[in-house]
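Q: I'd like to ask some things about the structure below.
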Amino acid sequence: MTASPQSPTTSVQLQTTDFSTTTASSSLAPPVVLVHGLLGNRKNFNSIGTALSQQLQTHRRILSVDLRNHGETVATEGMRETMSLEEMANDVVSVLDRHGIPKAVLVGHSIGGKVCQALSLLYPERVQGLVVLDIAPVAYTTREAHWQAIHEIIQACANIPPGVYTKKEVDAMLQQDVPDPALRAFLLTNYGEKEWKIPMECIRNQLDTLAGFDIPSTCQYTGDVFIIHGGQSRFVRSGHMTAIQDYFPNHMLTTIRGAGHWVHAEAPDATIALLKRFLDR
């Protein structure tokens, strides 16, 4: 059963990158849309987008997007106070409309994966297939260490006052709460000239919304779904399988052992190989 989502006429116009070759642009195969995770941007998928555009046996148009309150969408569209899954799914539907795409294969990581799950459940007629990178269609809470860690990281970022510190100084300030230098470097891609380029305070205020999954349980997407789980991550667990089965009865799950939540960054070759297998099946 499908829901009756609100019209996407008030959606945010997301910034996009098109990796397509001339051959792919004329292909009849449904395009692929890549959707990043929390505090990411479309550049996170540059390597994967380029690889897919060059290596797929079935040529497809490949697009990536900057979600609302992320990446270059902030500069063009400004801050948005709300970040519900339905709103962000509508944003991606508007990308499909703008590019003349009737149906697409969605690939989403983390919160981007939740957005893609929501879109497939609310607009199943627009989705040819779904690939989810390390997230489940469930509500997470701060009682879970992995989601509490996300809270603490964003809290630390939001506590840094604007217009005061350089990127090097912010890096030093974040060391105690974010000891991993690679993670700090990722966070600092969002820092500009002495302030965050994205509305960190707004994102902090929307964390409970982003943690949830308020899509009606009566919704179901019966197309092909491929869930890629990082073996060292706790975001997809055995306790989530009932919800996954209820929403996505035609799903397959695989695990990349040794990879964590940022599975596509930690194991890019394995992720690309799995995506190619799914898209060329």
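Q: Got a sec? Which helices (runs of 4 or more DSSP H) wholly within segment 82-188 have at least 1 residues that are surrounded by 14 or more Cβ atoms within 10 Å (Cβ to Cβ) and acidic (Asp, Glu)?
A: On the way: elements: 85-98, 111-122, 145-158, 167-174, 181-188.
Counting at least 1 such residues, we get 85-98, 167-174.
Q: Which one of these does ARG204 not meet: (1) free of Cβ contacts under 8 Å to residues at least 24 places away in the same chain; (2) in contact with a helix residue (DSSP H, G or I) (Cβ under 6 Å, 6 or more places away or on another chain); (3) open to solvent by 40 Å² or more (accessible area, probe 1.4 Å)?
A: (1)
Q: Identify all residues within segment 231-281 that are closer than 22 Å to PHE186 by Cα, in contact (Cβ under 8 Å) with a residue 40 or more places away in the chain and not in a loop (DSSP other than H, G, I, E, B); write none if there are none.
A: Listed by number, the residues that qualify are VAL263, HIS264, ALA265, PRO268, THR271, ILE272.
One line per residue, one yes/no per condition, for (1) open to solvent by less than 10 Å² (accessible area, probe 1.4 Å); (2) modelled with pLDDT of 95 or more; (3) in contact with a Pro (Cβ under 7 Å, 6 or more places away or on another chain); (4) closer than 26 Å to GLN148 by Cβ:
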| site | (1), (2), (3), (4) |
| --- | --- |
| GLY212 | no, yes, no, yes |
| PRO216 | no, yes, no, no |
| CYS219 | yes, yes, no, no |
| ASP224 | no, yes, no, no |
| ILE228 | yes, yes, no, yes |
| GLN232 | no, yes, no, yes |
| ARG237 | no, yes, no, yes |
| GLN245 | no, yes, no, no |
| HIS251 | no, yes, no, no |
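Q: Hey, does segment 189-200 have a residue that's assigned to a helix (DSSP H, G or I) and open to solvent by 50 Å² or more (accessible area, probe 1.4 Å)?
A: No: segment 189-200 contains no residue that is assigned to a helix (DSSP H, G or I) and open to solvent by 50 Å² or more (accessible area, probe 1.4 Å).
Matching residues to (1) touching a Ser or Thr at 6+ places or on another chain (Cβ under 6 Å); (2) over 16 Å from LEU96 (Cβ atoms); (3) not in a helix (DSSP H, G or I):
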position: THR17; (1), (2), (3): yes, no, yes
position: GLY37; (1), (2), (3): yes, yes, yes
position: ASN44; (1), (2), (3): no, yes, no
position: GLN54; (1), (2), (3): no, yes, no
position: THR58; (1), (2), (3): no, yes, yes
position: SER64; (1), (2), (3): yes, no, yes
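Q: Can you pull out every residue in segment 24-35 that is part of a helix (DSSP H, G or I) and surrounded by fewer than 19 Cβ atoms within 10 Å (Cβ to Cβ)?
A: The initial filter retains those residues of segment 24-35 that are part of a helix (DSSP H, G or I), namely 24-25.
Within segment 24-35, just SER25 meets the criteria.
Quick grid of which residues meet (1) under 18 Å from SER11 (Cα atoms); (2) among the aliphatic types (A, V, I, L, M); (3) touching a residue at least 40 places away in the same chain (Cβ under 8 Å):
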| site | (1), (2), (3) |
| --- | --- |
| ALA29 | no, yes, no |
| GLY40 | no, no, yes |
| ASN44 | no, no, yes |
| THR50 | no, no, no |
| LEU67 | yes, yes, yes |
| THR73 | yes, no, yes |
| MET88 | yes, yes, no |
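Q: Of (1) over 17 Å from the mean Cα position of the chain (by Cα); (2) closer than 21 Å to LEU38 by Cα; (3) not basic (Lys, Arg), ASP246 satisfies all except one. Which?
A: All conditions are met except number (2).
The values are calculated or read from the model by the stated rules, or taken from the named source; none is laboratory data. No experiment lies behind these values; they were computed from the predicted model shown. Please note: Cβ atoms are built from the backbone with ideal geometry, for glycine as well, and neighbour counts cover all protein chains shown. Each accessible area value is taken on the protein alone, full model and side chains, heavy atoms only, with ligands, DNA and RNA left out. Shrake-Rupley method; radii C 1.70, N 1.55, O 1.52, S 1.80 Å.
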